[in-house]
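Any read-out appearing in this document is the output of simple, stated calculations on the displayed coordinates, not a laboratory observation. Everything quoted here is computed from the prediction, not taken from an experiment. For neighbour counting, all protein chains shown are included, and Cβ atoms are generated from backbone atoms with ideal geometry for every residue, glycine included.
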Amino acid sequence: MATTFQLQVSTDNTFATTDYDQSGLTSDTQSVTGLLFDTLYYWRVRTTDDEGTSDWSSTFSFTSASPTRSFDLHAAFTLRATDPLFFGFEGTNGTYKTVRSGNDLCVSRRESEVFVDKLCIGPTGITVDAISATTGTIGTLTVTSISGGTATLTDIYATGNVIVPKTSGKGIKVDTASPTFGWRDLLGDIKTRPAAGGGAAALPDYVAYRGSIYGYRFGTNAPNNHEHEAFVEYHIPHDYVPGSDLFLHLHWSQIVVDTGGAAGVPGVSEWFWDVTYAKGYGTAGGAADPFIAPITTTCTQQGSTTQYGHMICEVQLSATTPSASQLDSDNIEVDGLLLVRVYRDPGSANDTLDQDTFVHFCDVHYQSTNMATKDKNTPFYT
């Protein structure tokens, strides 16, 4: 019987578990694959021949090598670090290689023994250093974290498409320290209707505001102290963050400094909104989402001590746990409609203004993904 060998390799010097265990070997040299980079391994060997199987040899050790391979710039590749990630990119200047920098694994273009255009993987994520037009640019960069790491990039220059997931609520956030979706406005231009709900007397007066500029007056003083009203409609846009809260706000001012409060300070305005809402995309010949019975919400705000001072009175219109004066944020979706009546009741005990008010805009603040939806109609994200 020819002599054969059994080889064991393990990170455990007791060999309770093994990373490689192969018997029947006939060569006195053996190549072992599948090991980790920069790792201490132990190994031992024993023989089998006509006389039987020998005892194990003494235990020896070795440390596996660091990664030093090169790669094609147009090929995706995998690097292993404490926080493993997978990424691929295309470059435009030079040959990139993998190198080790401290505890990080890096991809870099080597220039005069100095590593430039460096992209490194570490336990906390990915960092990019000195990638610019003067040292060569990375044209496209795709980063997907397997273990929760993040990518920190100073600037991103894209000559092609930027592609994001089609999943609901994905988009572009702001603030690297505490990322969140930014805010946008649904603009509500104040315009009167020929037949307002309260009749002609409820129409705001379109009168001189300042110089040659005219505006809509929601009166306080007789004979203008009616319950003036206007009607505004809003369409929920395709960049709305599903489930996020909406905020109604009114832009208003006074052409005379108000003195309706105690000791002649400006008084307090009270603004009312009646709001109904319905989702879109009812079934032709079948069911559709009905406009709900209107809810009423209010906002009170003291007037300004500045003549023509621009004021903004805001109230939360929707919430995930709504009150009786709020909509349910979970029911708000793209292509839904808000129908709003905005008005002021000078007879309200909470409204103490003694000078006329002018309303300029009635808007809705909403959070934006800064992206369009995948589809133009429901379900939008598939």
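For the residues LYS173, LYS191, what sequence is obtained by ranking on other C-beta atoms within 10 Å, fewest first? Don't jump to the answer; show the numbers that get you there.
Details: LYS173 15, LYS191 11.
Sorted ascending by nearby Cβ count, the order is LYS191, LYS173.
Based on the Cα atoms of the range 226-358, what semi-axes does the equivalent ellipsoid have, where each is the square root of 5 times one gyration tensor eigenvalue, given in whole Å with the largest first?
Numbers: eigenvalues 233, 39, 32 Å².
With the √(5λ) rule applied to the range 226-358, the semi-axes are 34, 14, 13 Å.
I need ARG44, ARG344, ARG217 ordered by Cβ neighbour count within 10 Å, fewest first.
Details: ARG44 17, ARG344 26, ARG217 20.
Ordered from fewest to most neighbouring Cβ atoms within 10 Å, ARG44, ARG344, ARG217 come out as ARG44, ARG217, ARG344.
Among TRP183, TRP43, which comes first, second and so on when ranked by fewest other beta-carbon atoms within 10 Å?
Fewest to most other Cβ atoms nearby, the residues stand as TRP183, TRP43.
Where does the charge balance sit around LEU250 when Lys and Arg score +1, Asp and Glu -1, over other residues with C-beta under 9 Å from its C-beta?
Working: positive: none; negative: GLU314, ASP363.
Computed value for this residue: -2.
What are the residues whose amide H is under 5 Å from the amide H of TYR20, where those residues sit 5 or more places off or on another chain and H is modelled from the backbone?
Counting only residues 5 or more places away or on other chains, the set is VAL9.
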